[in-house]
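Only one structure is covered here, and it is reproduced in the block below.
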Amino acid sequence: MRNFKIGNRSVGAGHPCYIIAEISCNHEGNLEEARGIIEAAAKAGCDAVKIQTYTADTITRDFKTKPKGTIWENLDLHGLYKKASTPWEWHGELQKTADAHGLHLFSSPFDETAVDFLEEMNAPVYKIASFEIVDTKLLEKVAKTRKPVIISSGMSTYMELREAFDTLRAQGASDIAILKCNSGYPGEFAEANLRTIPVMEELFGCVVGLSDHIIFADSQIENCRKPFAHITPLEAVKLGAKIVEVHLTLDREKARGLMENNEGGFDWPFSRTPAELKQMVDAIRAFERGEGISYTEEESALAVAARGEVRFDPTPKEEGSRSIRPSLWVVEDIKKGEVLRFSGGERGNFDSIRPGGGLHIRYADVIEGKPATRDLKAGEPLEWGMVGITRQ
């Protein structure tokens with residue numbers, strides 16, 4: 001379907017763009033900072049705010065793995081997520097704040113227990129992060145809620161995106177939106193490839209949009225000083241995007257300093273300030289009203305670059321991010337001959353967690369109940385040679 005409802009809002013063809021401010025880790029471990037981001041999103045004219053629901057132990061394990069080829073490559077994943085997570089006990093308070101400001105609040109779950117938790121909160125919609133597009137077990141769990149689902153397509157191939165979409169459909173999700181996304185963190189205008197958006201709409205027959213991580217003309221971390229934060233979302237809307245999601249921080253320079261000291265600020269290079277968010281929202285609404293939008297010569301060049309080409313494969317900047325996507329890992333010591341049991345956030349001895357390196361999660365149901373071929377240690381990526389598959 002090319003339109004559906006999120007709460008009381010109609011989204012898709014014939015309706016204004018649904019604009020989401022992503023809090024992510026920009027709360028910096030402070031509940032009042034998170035509330036302040038929600039208030040800033042409301043003042044800028046957003047429709048919704050989004051958080052993330054995980055703990056360090058549900059999204060990964062303390063295996064001391066580092067995401068090489070990304071801006072976080074000097075941090076081990078478990079330590080990063082421990083600092084970056086949004087405490088689950090905050091969710092109710094943040095929902096009250098969002099409600100008070102007329103905003104929807106929803107979340108990206110990162111394992112099955114997070115879905116159960118969000119169902120208790122009566123989440124109006126679910127977001128699947130780009131990394132989790134390969135987590136077919138999570139997709140199945142989300143689809144069975146029968147709620148609308150928004151998927152980010154960052155770093156995926158066409159076949160990976162198709163598998164995720166078909167998995168959701170097969171398990172009961174009827175209202176699905178796909179967001180074009182570049183997961184370069186930060187992305188580059190030349191890798192945005194926004195021309196993919198209308199093609200995506202035709203191929204999948206669903207609502208389409210943009211999850212944007214592109215702000216600076218020069219995306220090298222040591223630079224990132226001159227923002228052009230409105231261009232990519234506005235160009236996406238011109239091409240048919242009906243949902244736009246961007247990260248929001250109250251103070252990007254403060255966040256930059258925190259990250260330089262490994263204290264926080266992990267999303268600063270692709271997070272907008274409140275003033276930039278308002279400029280973006282105002283530009284989108286002006287376009288929707290049929291008003292002319294004027295660019296400087298530099299902005300015009302970036303807009304042309306952002307449109308790019310039709311592309312469904314990962315860009316060079318995204319290749320490093322693919323290594324962080326979840327896969328199947330041994331999470332408890334297993335004796336030879338012991339039955340392999342999928343955890344899904346509960347009690348089990350293998351699970352779908354970040355990073356990559358293990359078998360694809362689509363194989364979890366085949367592996368379930370099979371014996372281990374040797375003693376396995378927690379922290380080993382699961383491989384076929386560990387699984388006792390016998391010919392019947």
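Amide H contacts of I151 (H built 1.01 Å from N, in plane; Pro and chain starts excluded): I128, A177, I178, L179 sit under 5 Å, all sequence-distant by 5 or more or on other chains. In terms of the mean number of neighbouring beta-carbon atoms within 10 Å, the peptides 154-161, 206-213 order highest first as 206-213, 154-161. Above 19 angstrom, tally the Cα pairs of the stretch 1-125 and express them as a % of all pairs, no decimals. That tail contains 53 percent of the Cα-Cα pairs.
What shape does the stretch 3-321 take by its C-alpha gyration tensor, where a ≥ b ≥ c are the square roots of the eigenvalues and a/c under 1.5 counts as rounded, a/b above b/c as prolate, and the rest as oblate? If you can, show how the numbers build up before the last one.
Values: a/c = 1.21, a/b = 1.06, b/c = 1.14.
Taking the square roots of the gyration eigenvalues as a ≥ b ≥ c, the stretch 3-321 is rounded.
Taking 28 Å as the cut-off for C-alpha to C-alpha distance, list the pairs among K50/K144; K66/K278; K83/K370 that go past it. Long pairs (Cα-Cα over 28 Å): K66/K278; K83/K370. Cross-link partners of K317 among lysines, defined as those whose alpha carbon lies under 17 angstrom from its own and excluding same-chain residues fewer than eight positions apart: K68, K180.
Backbone phi angles across the stretch 238-250, fed through the Karplus curve with coefficients 6.51, -1.76 and 1.60 (θ = phi - 60°), yield HN-Hα couplings of 4, 8, x, 5, 10, 9, 10, 10, 9, 7, 10, 10, 7 Hz in residue order; Gly and Pro are listed as x.
Dipole check for the chain: with +1 at the C-beta of Lys and Arg, -1 at the C-beta of Asp and Glu, and the Cα centre as origin, the magnitude is about 740 Debye. By the rule of a C-alpha distance below 13 Å, with chain neighbours fewer than 8 residues away ignored, the aspartates and glutamates paired with K226 are D218, E253, E276, E298, E299.
In plain terms, the residue of D135, D99 with the fewest other Cβ atoms within 10 Å comes first and the most crowded comes last, giving D99, D135. Counting only residues at least eight positions apart within a chain, or on another chain, the aspartates and glutamates with an alpha carbon under 16 Å from that of K336 are E368, D375, E380, E383. Label-to-label distance for D375 and E298 is 6.3 nm, based on points extended 7 Å past Cα in the beta-carbon direction.
What do you get for Rg/Rh over the stretch 57-180 if you use C-alpha atoms and the Kirkwood form of Rh? Don't skip to the end; give the middle numbers.
Numbers: Rg = 15.4 Å, Rh = 15.7 Å.
With Rh from the inverse mean 1/r over Cα pairs, Rg/Rh is 0.98.
Amide H contacts of T65 (H built 1.01 Å from N, in plane; Pro and chain starts excluded): L77, H78 sit under 5 Å, all sequence-distant by 5 or more or on other chains. Residues W268, W88, W384, arranged from fewest to most other Cβ atoms within 10 angstrom of their Cβ, appear as W384, W88, W268. Sequence-ordered 3J(HN,Hα) estimates for the stretch 335-342 from the Karplus curve with 6.51, -1.76 and 1.60 and θ = phi - 60° stand at 7, 3, x, 5, 6, 7, 10, 6 Hz, glycine and proline given as x.
Between the C-alpha center of the stretch 128-205 and that of the stretch 245-274 there is a gap of 25 Å. Close amide H partners of Q52, meaning residues 5 or more places away or on another chain with modelled amide H under 5 Å apart, are S24, T86, S108. Over the chain, DSSP H runs of length four or greater, each weighted -39,500 (n - 2.57), average out per residue to a 222 nm ellipticity of -9000 deg cm²/dmol.
Working note: Karplus 6.51/-1.76/1.60 with θ = phi - 60° gives the stretch 90-99 the couplings 7, 4, x, 5, 5, 5, 4, 5, 4, 4 Hz, where Gly and Pro are set to x.
No value in this document is a laboratory result; all are computed from the given coordinates. These figures come from a predicted structure and were not determined experimentally. Note: ideal-geometry Cβ built from the backbone for every residue, glycine included; neighbour counts use all protein chains shown.
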